[in-house]
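Encoded as structure tokens, the structure appears first; notes follow it.
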Amino acid sequence: MTTETTRPTRPSLDDPRVAIPGSSSWYEPAPTPQTERQAEFLNLRDGEMFINMGPQHPSTHGVLRIIVKVNGEQVIDLDPVLGYLHRGVEKLCENADYHQAICYTDPLEYVSSLFCEAAPVAAFEKLMDVEVPRRAQYIRVLTMELNRIASHTLFQGWMALDLGGLTPILWSFIERDEIVDMLAALTGQKLLYNYYRIGGVNGDLNHEFMSRLGAWMSRAAKHIDSNLGLMNENELFVRRTRDLGTLDAATALRMGVTGPNLRASGVPFDLRRDRPYLVYPELEFDVPTRTEGDALARYLVRIEEIKQSIRIIDQVLHEMPDGPVMAKLPRLIRPRPGRAFGAVEGPRGVYGVYAISDGTDQPFRMRIHDPSFVHLQLVGPLTRGNLIADTMAVMASLDPVMGGVDK
Amino acid sequence: MSGLTTTWARLTPAGRALAVLLPIVVIGGAGTTALLVAFGGAIGATIGANIPIVRFLAASVITFLITVPTAFLLIYMEMKIIALMNLRIGPDRVGPFGAVMSVVHGLKVLMKEDYTPPSVDVPVFTLAPVVVYTASFMTLLVIPFAPALTSMNLELGLLYFFAVGGFGVVGLMMAGWSSFNKYSLLGGIRAAAQAISYEIPLTLSVVGIVILTGSLSLTAIVAAQSGSFLDWFIFRQPLAAIIFFIAITAESNRTPFDNTEADQEIVAGFATEYSGMRFGFFFFAEYVNVFIVSALFSAVFLGGSHAPINLPFHPEINVDLGTLGIGLPLLAGLAPVVGTILCAAPIWLFAPRVRTWQALLGGFLIFGGLSTAAIGVWAVAMLPPVADLLFFLLKTFTLVFIFVWMRGTLPRARIDQLMGFAWKWLLPASLLNIFATAIAVLITG
């Protein structure tokens with residue numbers, strides 16, 4: 001029987017060549033890598049190290065974990081690790097009836113959850129072949145544009161906060177709070193509205209919503225402009241975002257980027273204009289596009305979209321017809337067997353739902369396409385070669401929401 | 001034994017404190033008296049022979065004691081001003097307008113667990129906050145609050161300031177290195193790189209002033225700016241003032257140069273692994289630093305304790321209390337009563353719904369305010385150090401406000417932009433400033 005020698009435990013997992021006092025060899029031999037990441041870990045060159053950011057980190061926009069390989073301050077490689085917020089929403093939707101599925105998709109992009117309702121509702125309406133009343137369509141456009149402004153103002157504040165500015169987030173939260181309050185007056189909820197129904201919306205516009213909206217619209221443009229002055233004219237902000245994380249149009253299209261991030265790269269694709277839904281064809285608005293493709297362009301495109309949304313809301317309020325807000329539908333919905341794709345232009349890009357019906361009252365399969373998931377894969381390529389601080393700027397400019405990424 | 005414990009249990013908290021403190025005071029007082037009687041002469045002789053050392057020790061202790069309330073005041077200022085800029089309310093729970101909030105924060109930090117993570121380098125980890133805090137409060141020694149209120153009037157005051165102030169970064173490096181944390185390491189290295197880069201333009205920017213005054217003593221520099229506000233060095237050396245301001249912002253790690261503790265990037269930088277009062281020392285040191293660099297800026301560039309304009313007339317309020325004789329105690333006894341009644345009378349007469357005691361209380365408050373203001377005016381007019389200190393603190397806190405304002409407004413600069421700015425712009429500009437000043441001095445003689 002041989003005597004077992006106990007190897008001293010390694011005090012550090014960071015450096016494979018750490019000296020162990022009292023051990024037989026001067027350096028402990030590097031262990032054989034078991035996984036790909038461990039192999040990468042053990043083959044670090046001189047001066048390089050891994051930094052594990054998240055899932056608890058001040059600026060990862062939710063529970064995202066990023067493994068950053070750095071050489072001093074320079075980022076060599078970056079690897080997002082997903083799944084900390086996975087709830088299996090697609091599977092949950094398969095075991096719920098069509099009305100319940102809407103509230104499961106609601107909390108995906110929790111800062112703009114009306115879009116997460118609009119996409120499945122659009123898909124189910126195609127399955128059911130139901131015509132939405134015109135007033136309900138106008139109400140949907142109105143509330144969605146309000147929600148888009150709420151999301152973009154939040155983005156503006158987060159962008160400043162990730163670059164180290166303290167004040168803009170609190171200023172932009174004022175606008176967001178007013179919008180959220182008026183939507184709460186309409187829907188009864190501040191964050192997860194569950195307002196759209198298959199064939200219409202849940203309840204007509206009420207007096208409190210309209211009075212809050214009127215008061216806000218009278219000062220919205222001025223407020224938003226004054227918030228912008230703090231950032232757009234700031235040399236530090238512009239210098240940190242210009243020419244940072246430049247995304248060219250070909251790469252963007254190849255990666256499946258949509259929304260403001262695509263339009264900032266010079267591709268004027270907007271679902272509201274190119275694949276019109278609801279009453280968007282009757283409304284006048286521009287699709288703000290920039291050609292630079294850097295973080296600043298992505299920021300400015302979103303700011304322009306806020307102004308266009310205010311323009312759309314103005315038109316909607318002038319043209320809204322009277323009438324019912326809900327189509328006549330049976331209480332239990334059983335669409336014909338078939339498949340349908342419903343998509344909306346969300347504040348982050350195309351938010352789509354592909355639903356398959358097998359004729360029962362539950363969707364057979366629901367596939368949710370979330371733009372944040374697509375955009376998150378850009379963080380690595382866009383940050384490589386920049387500094388650690390730029391990781392945050394690129395992340396903020398892509399504006400992912402982890403609730404939608406992990407589903 | 002049980003009798004003793006029963007007696008102890010019956011005592012109130014105040015009684016217990018007295019029971020513990022009284023013997024200590026009696027025995028300690030008796031011992032001290034005995035010691036003084038026995039060795040008093042020798043002690044006095046030693047002190048008399050080593051006046052500079054005693055003075056240095058006393059000044060150090062006093063500056064150390066000054067820094068704590070200063071830090072509390074600055075923390076409260078920052079909390080409240082940034083809150084107002086953010087359209088928030090800010091601290092409002094403890095004290096009037098939440099003014100005692102920062103003290104409560106300090107006590108909270110004291111009561112927290114002082115945790116040392118298992119993998120840290122314990123001696124260095126423990127020493128780092130001490131080094132940082134000591135470096136920051138020791139620089140306060142040479143600040144000339146007023147000609148009569150300077151702790152140490154060193155001939156090499158400016159040099160001492162930069163040398164001792166530069167020690168702070170050693171503490172940050174120690175904290176970053178010993179914490180066994182990559183965020184701390186990055187923070188410490190950033191601090192070192194930033195401090196070394198900005199130390200050079202900071203030191204070079206004041207060389208022009210040293211040429212003009214011919215002295216490194218801060219008291220001499222302040223004395224050279226006497227006269228109207230046009231004699232201040234900010235108008236005679238504007239380029240140096242700009243360079244100096246940017247450099248002290250970077251030196252004290254304030255926004256937009258707070259890369260060492262950029263919480264969006266490297267969590268809390270060098271302070272990531274610290275908790276309790278050790279973190280408190282880092283936190284305090286930051287605010288003490290802000291106060292000290294503001295004080296230095298106002299001493300070097302804003303005329304220190306000089307008033308902005310020399311008044312053409314000098315108000316003299318001569319109150320010779322000695323001439324009153326027996327009237328003085330009578331006045332001291334009667335004036336508050338008569339003054340209170342006189343101030344209360346209008347309230348009582350013209351506001352019939354106010355009750356008598358309320359009117360008297362209001363009169364007392366008004367009289368208190370008026371007499372305090374009168375004593376203040378007299379002190380400013382007749383006691384030069386009071387007026388000097390007032391002007392100095394006014395300038396210093398204006399600068400502190402500007403620092404807080406910048407923190408509320410600006411985003412953070414990136415580390416490469418920061419370093420590039422120091423080496424590519426500030427360093428050549430400060431050299432240019434020295435050459436221009438030297439040539440001007442040569443030409444004008």
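Go through the residues of the range B:36-44 one by one and say whether even a single one is surrounded by 16 or more Cβ atoms within 10 Å (Cβ to Cβ) and in a helix (DSSP H, G or I). No; the residues of the range B:36-44 include none that is surrounded by 16 or more Cβ atoms within 10 Å (Cβ to Cβ) and in a helix (DSSP H, G or I).
Just name the residue that is nearest to B:Ser217 (Cα to Cα) out of those in the range B:132-190 that are in contact with a Leu (Cβ under 7 Å, 6 or more places away or on another chain) and open to solvent by less than 10 Å² (accessible area, probe 1.4 Å). Top of the filtered list is B:Gly157.
Which ones in the range B:391-414 are at the interface with another protein chain (Cβ under 10 Å from one of its Cβ atoms), open to solvent by 20 Å² or more (accessible area, probe 1.4 Å) and in a helix (DSSP H, G or I)? If the condition is that a residue be at the interface with another protein chain (Cβ under 10 Å from one of its Cβ atoms), open to solvent by 20 Å² or more (accessible area, probe 1.4 Å) and in a helix (DSSP H, G or I), then B:Arg407, B:Thr409 are the ones that fit.
A:Val180 falls short on exactly one of the conditions (1) in a helix (DSSP H, G or I); (2) surrounded by 15 or more Cβ atoms within 10 Å (Cβ to Cβ); (3) within 14 Å of chain B (Cβ to nearest Cβ); (4) not aromatic (Phe, Trp, Tyr), and that condition is (3). Considering (1) part of a loop (DSSP other than H, G, I, E, B); (2) without any contact (Cβ under 8 Å) to a residue 60 or more places away in the chain, the lone condition that A:Pro335 does not fulfil carries the number (2). Just one of the listed residues (B:Trp378, B:Trp423, B:Trp405, B:Trp357) is touching a residue at least 40 places away in the same chain (Cβ under 8 Å) and outside the structural domain of B:Ala193 (by TED's automatic domain parsing), and it is B:Trp378.
Considering (1) under 22 Å from A:Ser59 (Cβ atoms); (2) open to solvent by 30 Å² or more (accessible area, probe 1.4 Å); (3) within 14 Å of chain B (Cβ to nearest Cβ), the lone condition that A:Pro168 does not fulfil carries the number (2). Taken over the range B:87-124, the criterion of being in a loop (DSSP other than H, G, I, E, B), open to solvent by less than 90 Å² (accessible area, probe 1.4 Å), in contact with a Gly (Cβ under 9 Å, 6 or more places away or on another chain) and more than 14 Å from chain A (Cβ to nearest Cβ) is satisfied by B:Pro91, B:Asp92, B:Asp114. Please specify each residue of the range A:183-199 satisfying the condition of being assigned to a loop (DSSP other than H, G, I, E, B), crowded, with 20+ Cβ neighbours inside 10 Å and at negative phi. Matches in the range A:183-199: A:Tyr193, A:Tyr195, A:Ile198.
Comparison of B:Ala30, B:Ala59 shows that the only residue that is away from chain A (no Cβ under 14 Å), open to solvent by less than 50 Å² (accessible area, probe 1.4 Å), assigned to a helix (DSSP H, G or I) and more than 30 Å from B:Pro411 (Cβ to Cβ) is B:Ala59.
Yes/no matrix, rows are residues, columns are (1) away from chain B (no Cβ under 12 Å); (2) β-branched (Val, Ile, Thr); (3) touching a residue at least 40 places away in the same chain (Cβ under 8 Å); (4) part of a helix (DSSP H, G or I):
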| residue | (1), (2), (3), (4) |
| --- | --- |
| A:His223 | no, no, yes, yes |
| A:Leu228 | yes, no, yes, yes |
| A:Met231 | no, no, yes, yes |
| A:Phe237 | no, no, yes, yes |
| A:Arg240 | no, no, yes, yes |
| A:Gly245 | yes, no, yes, no |
| A:Ala252 | yes, no, yes, yes |
| A:Val257 | yes, yes, yes, no |
| A:Asn261 | yes, no, yes, yes |
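Among the numbered conditions (1) over 18 Å from the mean Cα position of the chain (by Cα); (2) crowded, with 18+ Cβ neighbours inside 10 Å, the only one that B:Thr70 does not meet is (1).
Of the residues making up the range A:367-407, those that are of a type in the set (Gly, Ala, Ser), over 19 Å from A:Glu90 (Cβ atoms) and surrounded by 24 or more Cβ atoms within 10 Å (Cβ to Cβ) number 4. For the range B:226-236, the criterion of being of a type in the set (Phe, Trp, Tyr), modelled with pLDDT of 85 or more and assigned to a helix (DSSP H, G or I) is met by at least one residue. When we screen B:Leu149, B:Leu154, B:Leu172 for residues that are farther than 19 Å from B:Val288 by Cα, of a type in the set (A, V, I, L, M, F, W, C) and in contact with a helix residue (DSSP H, G or I) (Cβ under 6 Å, 6 or more places away or on another chain), the only hit is B:Leu154.
Within the range B:241-269, residues that are away from chain A (no Cβ under 12 Å) have Cβ atoms under 6 Å from residues that are part of a loop (DSSP other than H, G, I, E, B) and open to solvent by less than 10 Å² (accessible area, probe 1.4 Å) in these pairs: B:Ala241/B:Phe301, counting only partners at least 6 apart in sequence or on another chain. Selection over the range B:241-269 of residues that are among the aromatic types (Phe, Trp, Tyr) and open to solvent by less than 10 Å² (accessible area, probe 1.4 Å) gives a count of 1.
Screening A:Val121 with (1) within 21 Å of the chain's Cα centre (by Cα); (2) surrounded by fewer than 20 Cβ atoms within 10 Å (Cβ to Cβ) gives one miss only, at (2).
For the range A:354-407, the helices (runs of 4 or more DSSP H) that sit wholly inside it and include 1 or more residues that are more than 20 Å from A:His99 (Cα to Cα) and within 14 Å of another protein chain (Cβ to nearest Cβ) are A:379-383, A:388-398. Would you confirm whether or not the range A:340-347 contains a residue that is open to solvent by 10 Å² or more (accessible area, probe 1.4 Å), more than 22 Å from A:Glu145 (Cβ to Cβ), of a type outside the set (Gly, Ala, Ser) and away from chain B (no Cβ under 14 Å)? Checking the range A:340-347: at least one residue is open to solvent by 10 Å² or more (accessible area, probe 1.4 Å), more than 22 Å from A:Glu145 (Cβ to Cβ), of a type outside the set (Gly, Ala, Ser) and away from chain B (no Cβ under 14 Å).
Considering only residues in the range A:263-272 that are among the aliphatic types (A, V, I, L, M) and assigned to a loop (DSSP other than H, G, I, E, B), the one that is surrounded by the fewest Cβ atoms within 10 Å (Cβ to Cβ) turns out to be A:Val267. Total residues in the range A:141-165 satisfying the condition of being in a helix (DSSP H, G or I) and either facing chain B (nearest Cβ under 10 Å) or open to solvent by 10 Å² or more (accessible area, probe 1.4 Å) (or both): the figure is 6.
Put simply, of A:Ala185, A:Ala150 the only residue that is at pLDDT 90 or above, more than 19 Å from the chain's Cα centre (by Cα) and under 29 Å from B:Ala83 (Cα atoms) is A:Ala185.
The values are calculated or read from the model by the stated rules, or taken from the named source; none is laboratory data. Just so it is clear, the model here is predicted, and its values are computed rather than measured. Glycine also receives a Cβ, built like all others from the backbone with ideal geometry; neighbour counts cover every protein chain displayed. These area figures cover heavy atoms from the full protein model, side chains too; ligands, DNA and RNA do not enter into them. Shrake-Rupley method; radii C 1.70, N 1.55, O 1.52, S 1.80 Å.
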